[in-house]
1. Step by step: find N for the range 1-61, compute 2.2 N^0.38 Å, then divide the Cα radius of gyration by it. What's the final number?
2. Using the Cα centre of the chain as the reference point, and only Cβ charges (+1 on K/R, -1 on D/E), how large is the resulting charge dipole? Debye, rounded to the nearest 20.
3. For Thr59, Thr101, Thr128, Thr184, give the ranking by accessible area with the largest first, probe 1.4 Å.
4. Probe of 1.4 angstrom, ligands and nucleic acids ignored: what's the accessible area per residue over the range 23-124, in square angstrom?
5. Given springs between every Cα pair under 10 Å in a Gaussian network model of the chain, which of Gly140, Gly109, Gly100 has the largest fluctuation?
6. Post the alpha-carbon centroid distance, the range 1-79 to the range 173-197, in whole angstrom.
7. For every helix of n ≥ 4 consecutive DSSP H residues, a contribution of -39,500 (n - 2.57) applies; sum these over the chain, divide by its total residues, and give [θ] at 222 nm rounded to the nearest 500 deg cm²/dmol.
8. Write down the percent of antiparallel bridges among all DSSP beta bridges whose residues are both part of the chain, to the nearest 5.
Amino acid sequence: MTETPAFYDDLAGCLAEAWRRLEEGAAHQSGFHTPALATIGRDGAPRLRTVVLRGVDPTTRTLRVHCDARSAKAAEIAADPRVSLHAYDPKAKIQVRIEGTARLHGEDGIARAAWASSRPMSRVCYATAPGPGTPLAAGGAYAPPEDEDGVEAGFAEFRVVVLTAARLEFLYLARQGHRRALFTWDGEAPAATWLAP
């Protein structure tokens with residue numbers, strides 16, 4: 001029989017476990033490292049893609065990912081900041097879904113700090129030509145920069161996406177009975193409730 005985790009019948013514990021898992025994901029230490037981010041397309045249809053979780057702050061309810069200013073993701077967030085994030089760790093059997101608003105940061109202090117902490121191999125992505133989503137005549141018809149100056153020029157296209165959670169759903173799949181909880185923040189008043197799984 002699997003041991004029941006401490007958060008199993010504890011709403012506050014479920015929320016703490018969700019943020020803990022997300023923080024571990026940002027540190028490359030859990031299955032939450034590459035969640036899916038959904039935006040609203042310019043045509044009103046949902047758009048979904050995998051992103052890399054770069055930072056989490058439970059105190060401000062924020063999560064950080066990076067994107068290219070030339071990407072559809074950046075344009076969609078600029079047009080409509082409502083987003084959703086989905087993370088699932090099959091080993092832990094925990095799913096977290098977050099809804100909120102996203103804000104783009106480029107060439108400001110937040111972006112500069114994130115750029116400085118990025119690995120050189122990650123920076124190269126923002127200096128490639130043409131930009132993300134551009135149709136190509138052949139698979140290799142894009143050019144990464146060949147020198148450090150070229151890589152650093154990519155900072156102009158680098159954007160930090162900061163998602164502020166307004167709603168968080170936690171789901172734990174367990175043989176003895178699943179647990180699902182909902183947490184919402186309406187202004188400064190947080191609310192929590194159990195949901196039927």
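The values are calculated or read from the model by the stated rules, or taken from the named source; none is laboratory data. All figures in this text were calculated on a predicted structure; none of them were measured in a lab. Backbone-built Cβ (ideal geometry, glycine too); neighbour counts: all protein chains shown. Ligands, DNA and RNA are excluded from the accessible area calculation, which covers all protein heavy atoms including side chains. Shrake-Rupley method; radii C 1.70, N 1.55, O 1.52, S 1.80 Å.
1. 1.43
2. Taking the Cα centre of the chain as origin, the dipole is about 580 debye.
3. Thr59, Thr101, Thr184, Thr128
4. In whole numbers, the range 23-124 has 51 Å² accessible per residue.
5. Between Gly140, Gly109, Gly100, it is Gly140 that shows the largest mean-square fluctuation.
6. About 16 Å separates the Cα centre of the range 1-79 from the one of the range 173-197.
7. It lands at -6000 deg cm²/dmol.
8. The answer is about 100 percent antiparallel.
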